[in-house]
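J.: Below is one structure. I have some questions about it.
Just so it is clear, none of the values below were taken in a lab; they were calculated from the coordinates. Remember, it's a predicted structure, so these values are computed and weren't measured experimentally. We place every Cβ from the backbone using ideal geometry, glycine too, and count neighbours over all the protein chains shown.
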Amino acid sequence: MTFGLAQTQTTTMNFNQANFVTSAATLAACPEDSVAEVAFAGRSNAGKSSAINTITGHSRLARISKTPGRTQLINFFELDQFRYLVDLPGYGFAKVPLAVKDKWQRELERYLREREALQGIVLLSDIRHPLKEFDRMMIDWAVASDLPIHILLTKADKLKKGAAQNTLLAIKQELKETASVSVQLFSSLKNSGVDEARKKLNGWLVDVASDASE
């Protein structure tokens, strides 16, 4: 794929200009023009949509539902031409028919394995119940695939500051041997951790620029 150099000189993403582009039910329906994208993954109640809204400075960019598991499609939000944030279907206890859940899982796996534009994964995990089985499976898959993964310990406001820091340090210690995994505290309610998350996303989305222009 060759794109104009004018589109590859951006050094800082303007997250506030994010806009919804499309929802894809299959890998084949995903945008073909993507140079770089970062996918948000997590359990259905981890606060994924809230995090995307907070990072982009939009209150309703990603749909927030009181019923976990309502996101059934791969949703694309464009930050800059050919660069996207991607909201993946939540996994875990979504209350949907088994056949539907199986289809989600198949398409999710295809996206993660075959999407060439994917530069990294943001994994959202509730700090009160961090790194459940599905989260660890996602980490293992990303590490095995040489794909960087950044963990947002969401809902950090639900714990006292000391307890939140202790959880963060414990997880960092557990993952210290895995260079491709990073972790931070995040709270959509308190709007905290946004700058750190944006810096990580910006690095992933911009670093690919020189390759995309060749």
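J.: Going by how many other Cβ atoms sit within 10 Å of their own, how do 154, 178 line up, fewest first?
T.: In increasing order of surrounding Cβ atoms, one gets 178, 154.
J.: Got a sec to turn the phi values of segment 45-55 into Karplus ³J(HN,Hα) couplings, 6.51 cos²θ - 1.76 cosθ + 1.60 with θ = phi - 60°, whole Hz, x for Gly and Pro?
T.: In residue order, the calculated couplings are 10, 7, x, 5, 5, 4, 5, 4, 4, 5, 5 Hz.
J.: Once you order the gyration tensor axes a ≥ b ≥ c over the Cα atoms, which shape class does segment 5-212 get: rounded for a/c under 1.5, otherwise prolate or oblate by comparing a/b with b/c?
T.: Rounded, since a/c falls under 1.5.
J.: For the cross-link pairs 155/190; 155/176; 132/190, which exceed 19 Å when the distance is taken from alpha carbon to alpha carbon?
T.: Distance filter (> 19 Å) returns 155/176; 132/190.
J.: Short version: ³J(HN,Hα) in whole Hz for each residue of segment 154-160, in order, from phi by Karplus 6.51 cos²θ - 1.76 cosθ + 1.60 (θ = phi - 60°), x for Gly and Pro, what are they?
T.: Rounded to whole hertz, the list is 7, 6, 4, 5, 6, 10, 5.
J.: Would you kindly derive the ³J(HN,Hα) couplings of segment 28-44 from the backbone phi angles with the Karplus curve 6.51 cos²θ - 1.76 cosθ + 1.60 (θ = phi - 60°), listing them in order in whole Hz, with x for Gly and Pro?
T.: Going residue by residue, I get 5, 8, 6, x, 8, 8, 5, 8, 8, 8, 10, 9, 9, 10, x, 4, 4 Hz, with x marking Gly and Pro.
J.: While we're on this one: Under 5 Å between amide H atoms, partner at least 5 residues away or on a different chain: which partners does residue 84 have, H built in plane at 1.01 Å?
T.: Amide H to amide H, under 5 Å and 5 or more residues apart or across chains, residue 84 pairs with 36, 37, 38, 79.
J.: Just going by the charge dipole of segment 5-212, with Lys and Arg at +1 and Asp and Glu at -1 on Cβ, which of 21, 73, 51 is farthest out on the positive end?
T.: Of the candidates, 51 comes out farthest on the positive side.
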